[in-house]
1. Apply the Karplus curve 6.51 cos²θ - 1.76 cosθ + 1.60, θ = phi - 60°, to the phi angles in segment 156-162 and return the couplings in whole Hz, x for Gly and Pro.
2. Not counting ligands, DNA or RNA, and with a 1.4 Å probe, what is Val51's accessible surface area in Å² rounded to the nearest 10?
Amino acid sequence: MPFPSPPRIPPGPRRRSLFASAAGAALLAGCSTGTDSSGGTGGSPSAVQRVRTRAARDSGDLVASYDAAIAAFPALEARLAPLRAETARHAKAFGAGAAAGPSPAASTTAGNAPATGSPTPSPSASGAPTEKATLTQLASAERTLADRRTAALVDMPGELARLLASVAAAGAAHTYLLTEAAR
């Protein structure tokens, strides 16, 4: 009697690898030895401020991308609203003020163009944007931003490194959720 074939495994990141990378980032961030009032001994205050400012701007831009996706596809609001709210909290944690506002329409009408992804969904073959393409773009923007933050945390002092690691892990989780939603 032959053995049954293994179940089909869907493509994309697996939960174990997602959680392992998040745990690795958290462990890496926990290895900081910073003790001064600026959050650590590594990184100059200007470099720390630049990274913090860019992270706040990037999160704000990502919020604008979520806003544009929700405006283009209101049916996605229930799925995207929690991810958008979390991203707005990330922007606020990095020191952004207006970028983390609660109104989805505010960022869309302001004409903000995000650095991490396009706020307008890409068109399908028929010329109209699709939900799947929009979710794929959001997942790509989240992945790019998570990778950038993971790379930046190595040179940052303790508190900021831990924040970058935490937000990068959240971005990896958002990428997974958006990738699954796009299927």
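1. Listing the rounded values in order: 9, x, x, 4, 5, 4, 5 Hz.
2. Accessible area of Val51: about 30 Å².
The values are calculated or read from the model by the stated rules, or taken from the named source; none is laboratory data. These numbers were taken from a predicted model, which means no experiment stands behind them. The protein model used for the area step is the full one, side chains on, heavy atoms only, and it has no ligands, DNA or RNA in it. Shrake-Rupley method; radii C 1.70, N 1.55, O 1.52, S 1.80 Å.
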